[in-house]
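Take a look at the structure set out below.
Bear in mind that the values in this text are calculations on the coordinates, not laboratory data. These figures come from a predicted structure and were not determined experimentally. No Cβ is skipped: glycine too gets one built from the backbone with ideal geometry, and neighbour counts run over all protein chains shown.
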Amino acid sequence: MKIKEKVFDIMLFFLWTAVGFIVLFEGADRISFSCLLICYLTELGLKIVKDDNKTGGVARDSNRLDEFYNKLKEIHKKYFPDWRFMQLVNNIQSFYGSDLFYAEENRFLELLDKYIGGLKT
């Protein structure tokens, strides 16, 4: 078990222990229910973070950015030379109707290619 996973497990143990004491001494009222809900959601969030951490705490290769920015620069200059950078990003997000915050670089380029393809037709 990695250190990060142990830390998550210890945090969850203390969270649930605290909730147990609140329920034990305060009874099952709205405050206790709120604490239970918060702990459940926290545990769910921590498990998502733990499960989503495929790299085991190792940073992704920063060299991937060179290829991404070069390609993005190429597209920006060729198809949208008059647009500011944030105008480009905002227009792509508006076109797809969703926040692209979690999109990886390669996914963003795919979406950008589809956007350009839609403009040509």
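Quick notes on this structure:
- Distribution of pairwise C-alpha distances over the range 64-120, 5 Å bins, in %: 4, 18, 31, 31, 14, 2
- Contour excess over end-to-end distance, with Cα ends at HIS76 and ALA103 and 0.36 nm allotted per residue: 7.9 nm
- Simple spin-label estimate for LEU119 and ILE10 in nanometres, 7 Å along Cα-Cβ: 5.2
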